[in-house]
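*Asks:* Quick one: structure below, then a few questions.
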Amino acid sequence: MAIPEVVSPSSSGTGRRRIGVPEIVFFVVAASAPLTVAAGGLPTSFAVTGVVGIPLLYVILAVLLAVFTGGYAAMSRSITNAGAFYAYITHGLGRAAGVGAAFVALISYNTMQIGLYGLFGFTTADLLKAKTGLDLPWWTVALLGVAVVAVLGFRRVDLNARVLGVLLAVEFLTVLVFDLAQLADAPSGVSLGPLGFHAASDGAVGAAFCFAMASFMGFEAAALYSEECRDPRRTISRATYIAVAVIGVFYAFTAWAMTVGTGTAGIIGRAQKDGPGLVFALAAEHVGKPFADLAQLFLVTSLFAALLSFHNAVARYFFSLGREGVLPAPLSRTHDRHGSPHIGSLTQTVLAAVVVAVFAFSGKDPVLTLFNWFTNLGALGVILLLALTSAAVVAYFAHDHRGENAWNRLIAPAVACAGLGAVFVASLLNFDALLGAEKGSALTWALPGLIFAAAVLGVAFALYLRLSRPASYARIGTSS
């Protein structure tokens, strides 16, 4: 690997401090893609795991992630850096661990974002064919999506906030109408059974936790915008807590409404029969066909919102690593007019276009391969980063409390580290279910192996920098 030369970046930060709590919440919740979860994640969770109590699992995970946020927010008050995980782990566990985490983050966010193009291309092409008769290959639509996201990523971030805000409002309203319709027209009556512990104890509970955890991916992205916040000490923590609460409560409510709409006893069978079409089938039954058609359209906008949000996160990771000499220094440049990390944005765009092209030429199914493989791989990497970040919080505040109370600097991150570590192990043990692969399949170890390979490569590269370019090594994790 060629060692990047260090040059002075055109800007020491990603732009003026102009973002507040509402804008960041838009970015974070958009990354979790509510309608995508409702239409794809929830039916798949019920069908694969056989767990009726998935609504309760969302509540449990929301509590765990709220606990994680205590330590995460404490770190954001002491460290302002667009690298977030990378910066926090560097300060808590050392530079080598930080670079290893950075490489894992790059793979995780890139695979999560790029994987969504598979579902976006397939879903949009299918909708166009059904409603207009226009028959386009999925990859044509996916590449068009790459181009539009590239333009918005290149522009100033508050333009993106407005775009995401509109899409997110429509998306939430669509899912909320669906939820209320299920409760108003319950074939077997409204039951609280799916919210009980008994309902969450039968079936493949470990796999169900994995699916639910994937729905939260992106909640931690608030800290990526710390250099663009008007008041990062307060904005990051408030935005993250709000995002966790919104995601957890909303998805738990939607999962519960879905069980009410089918009847508690029928949810598993209907999910296995209809798959991702369950939401649209229930919408047609309880609201009407026109609403179901609109929901399919809004699913496309939901996917687009998630693509844009993850794109911004990846661009900022490239920016942070380029600024500190871990990646080529041009990645640290920001646009003179827009203030965006435009080189990082362009790099992510090129990667997405190349991967989509490779899968297009291979002729593989875009949903079963590109979407399924890449998004699950990204989720696995982020779970590992969450656990490592919690450990880093404990280590960082061990010698200097910096005015933080015991809950934020010790108890919360320790509990979160243990809980998220358990989720990560469960994810590994259930990765065959996540991939829809047979136990012992090469995919069940080859794909997770990329996460560990990235971590090892990152640590090795950091040690190489320490020996060959100590000045660059000393700068790791110090920009703010």
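The values are calculated or read from the model by the stated rules, or taken from the named source; none is laboratory data. Nothing here was measured: the structure is a model prediction, and the numbers come from that model. With ideal geometry, Cβ positions are generated from the backbone for all residues, glycine too; neighbour counts draw on all protein chains shown. These accessible areas exclude ligands, DNA and RNA; they are computed on the full protein's heavy atoms, side chains included. Shrake-Rupley method; radii C 1.70, N 1.55, O 1.52, S 1.80 Å.
*Asks:* Return yes or no: is A305 modelled with pLDDT of 80 or more and buried (at least 24 other Cβ atoms within 10 Å of the Cβ)?
*Replies:* no
*Asks:* So, in region 445-466, exactly how many residues are under 21 Å from the mean Cα position of the chain (by Cα), of a type outside the set (A, V, I, L, M) and open to solvent by less than 70 Å² (accessible area, probe 1.4 Å)?
*Replies:* Within region 445-466, residues that are under 21 Å from the mean Cα position of the chain (by Cα), of a type outside the set (A, V, I, L, M) and open to solvent by less than 70 Å² (accessible area, probe 1.4 Å) number 2.
*Asks:* Going residue by residue through region 310-318, is there one that turns out to be part of a helix (DSSP H, G or I), touching a Leu at 6+ places or on another chain (Cβ under 7 Å) and among the polar types (S, T, N, Q)?
*Replies:* no
*Asks:* Can you spot a residue in region 397-411 that is surrounded by 24 or more Cβ atoms within 10 Å (Cβ to Cβ) and either modelled with pLDDT of 95 or more or aliphatic (A, V, I, L, M) (or both)?
*Replies:* Scanning region 397-411, I find no residue that is surrounded by 24 or more Cβ atoms within 10 Å (Cβ to Cβ) and either modelled with pLDDT of 95 or more or aliphatic (A, V, I, L, M) (or both), so the answer is no.
*Asks:* Here is a further query. Which ones in region 18-28 are at pLDDT 75 or above and open to solvent by less than 10 Å² (accessible area, probe 1.4 Å)?
*Replies:* I24
*Asks:* Let me ask something else about it. Just the residues that are open to solvent by 50 Å² or more (accessible area, probe 1.4 Å) and not in a helix (DSSP H, G or I), please, taken from region 240-298.
*Replies:* V287
*Asks:* Here's something else I'd like to know. How about region 151-185: which of its residues are modelled with pLDDT of 85 or more and assigned to a loop (DSSP other than H, G, I, E, B)?
*Replies:* D185, the sole residue that qualifies.
Let's see how each residue does on (1) surrounded by 20 or more Cβ atoms within 10 Å (Cβ to Cβ); (2) touching a residue at least 40 places away in the same chain (Cβ under 8 Å):
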residue	(1), (2)
G98	yes, yes
Y109	yes, yes
T132	no, no
P137	no, yes
L143	no, yes
R155	no, yes
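*Asks:* Across region 112-145, which residue is modelled with the highest pLDDT among those that are among the hydroxyl-bearing types (S, T, Y) and within 24 Å of the chain's Cα centre (by Cα)?
*Replies:* So, considering only residues that are among the hydroxyl-bearing types (S, T, Y) and within 24 Å of the chain's Cα centre (by Cα), the one modelled with the highest pLDDT is Y117.
*Asks:* Let me ask something else. Looking at V423, V358, V367, can you tell me which residue is at pLDDT 85 or above, of a type outside the set (S, T, N, Q) and open to solvent by 30 Å² or more (accessible area, probe 1.4 Å)?
*Replies:* Step by step, each of V423, V358, V367 is checked, and only V358 is at pLDDT 85 or above, of a type outside the set (S, T, N, Q) and open to solvent by 30 Å² or more (accessible area, probe 1.4 Å).
The rows are residues; the columns are (1) within 21 Å of G206 (Cβ to Cβ); (2) touching a His at 6+ places or on another chain (Cβ under 7 Å); (3) touching a residue at least 12 places away in the same chain (Cβ under 8 Å).
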site	(1), (2), (3)
L384	yes, no, yes
F397	no, no, yes
E404	no, no, yes
A453	no, no, no
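*Asks:* Hey, could you check region 210-235 for residues that are within 17 Å of the chain's Cα centre (by Cα), of a type outside the set (G, A, S) and within 17 Å of A87 (Cα to Cα) and say which is modelled with the lowest pLDDT?
*Replies:* By that ranking, first place goes to L224.
*Asks:* Is it true that G339 is within 25 Å of S309 (Cα to Cα), in a helix (DSSP H, G or I), at pLDDT below 90 and not hydroxyl-bearing (S, T, Y)? Full working, then the answer.
*Replies:* Details: within 25 Å of S309 (Cα to Cα): yes; in a helix (DSSP H, G or I): no; at pLDDT below 90: yes; not hydroxyl-bearing (S, T, Y): yes.
No; evaluated as a whole, the condition is false for this residue.
*Asks:* Also, quick follow-up: Restricting attention to region 467-480, and to residues there that are surrounded by fewer than 16 Cβ atoms within 10 Å (Cβ to Cβ) and at pLDDT 80 or above, which single residue is nearest to C210 (Cα to Cα)?
*Replies:* Across region 467-480, the extreme among qualifying residues is A474.
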